[in-house]
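Notes for the one structure printed next.
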Ligand code: UDP
């Protein structure tokens, strides 16, 4: 099957990293069309997945854009649309991986006669999207032959926003467990390099954005024993520089300069996670899926996740990880402290999570599920 994947982003967020795994089996017969250039293109090329940047003009619609702003962007879309329609005619199916890709993909599907599949990586709730954006996304998605939701939480929000249940199925992100097995010598070396020896290290792996809640972890540190240190891995991918400044100010105000390290965007997540004692996920709004939660499990690290959205489908409190109320730094601090004080009990939970996650999210099984779904829609 020849697939034209579409993604609006030049930057490798969770949806883009997921797409790499989905596109890999089709790399001899697919093209990933991007609406922006950037590190994501390089990553696709490294994975030998054919990629083309389809426009150099950035599309000005944002998650919170109004109807008028949306309309104003239509003019920008026409040359891109023409290119996508022309390209789509050489493929059997259009696979849209992001919302702007969905809108372009839906029109191109209509004009080229190719079926449309939409991979929904978002919770279409007012917390995350404007009313206009939700209506446009749902109208476009309802024209698809198939909507793959990345969690039950994403599927439920989609249906509540008017999405069609009959075309929607849940498929979780897939991972190759081998990528998360890190040699003890590398872990030791990483801890030395980052000057983490003797510390109890809590890792936070996410782009720096207010709703990802790095500030909650920083607040929690003040209520944890002194040896608890945090590494913040990730960058402000979508212009959240003000938040980055606020985080630095918060750290300075609380006198935590020696207990928090910013590592920026990194490509060696499994190594860094394995060098942590614990991974914290602190999103203050419902997380659609939460790749970092599964990645922590695969590294055999205890995970504390914010209790909302897709995270609840991944973590059972006290069984394969811990759940903490979103935004509640005191509760988070208590769980971190009990993990520090009860290492044996915590290790059993992390080990159980590693075993079960290796099966449940194995990329081979996930890709098979997707392949079967796509075959019926061709
Ligand atoms: N990630 C990364 N480098 C970083 C920070 C994060 O590669 O410096 C990866 C992380 O390992 C995960 C993805 O980015 O695979 C984030 O996905 P998630 O579902 O957690 O959040 P999203 O970015 O999709 O909101």
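The values are calculated or read from the model by the stated rules, or taken from the named source; none is laboratory data. From a predicted model like this one, the values you see are computed outputs, not experimental measurements. A quick note on method: Cβ atoms are made from the backbone with ideal geometry, for glycine too, and the neighbour counts reach across all protein chains shown.
What the table below lists for this structure:
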read-out	value
Test: residue in segment 184-203 that is under 27 Å from residue 356 (Cβ atoms), within 14 Å of the ligand (Cβ to nearest atom), touching a residue at least 24 places away in the same chain (Cβ under 8 Å) and part of a loop (DSSP other than H, G, I, E, B)	no
Test: residue in segment 261-275 that is modelled with pLDDT of 95 or more and under 13 Å from residue 212 (Cα atoms)	no
Residues of segment 204-221 satisfying the condition of being assigned to a helix (DSSP H, G or I), surrounded by fewer than 21 Cβ atoms within 10 Å (Cβ to Cβ) and within 17 Å of the chain's Cα centre (by Cα)	210, 211
Residue 37, sole failed condition from (1) modelled with pLDDT of 95 or more; (2) touching a helix residue (DSSP H, G or I) at 6+ places or on another chain (Cβ under 9 Å); (3) more than 21 Å from residue 150 (Cβ to Cβ)	(2)
Condition check for residue 143: in a loop (DSSP other than H, G, I, E, B) and either in contact with a helix residue (DSSP H, G or I) (Cβ under 8 Å, 6 or more places away or on another chain) or closer than 30 Å to residue 300 by Cα (or both)	yes
Some residue of segment 224-236 being in contact with a helix residue (DSSP H, G or I) (Cβ under 7 Å, 6 or more places away or on another chain) and closer than 22 Å to residue 153 by Cβ	no
Qualifying residue in segment 313-336 (condition: in contact with a strand residue (DSSP E or B) (Cβ under 8 Å, 6 or more places away or on another chain), more than 11 Å from the ligand (Cβ to nearest atom) and closer than 21 Å to residue 198 by Cα)	yes
Members of segment 15-31 that are within 14 Å of the ligand (Cβ to nearest atom) and not in a helix (DSSP H, G or I)	none
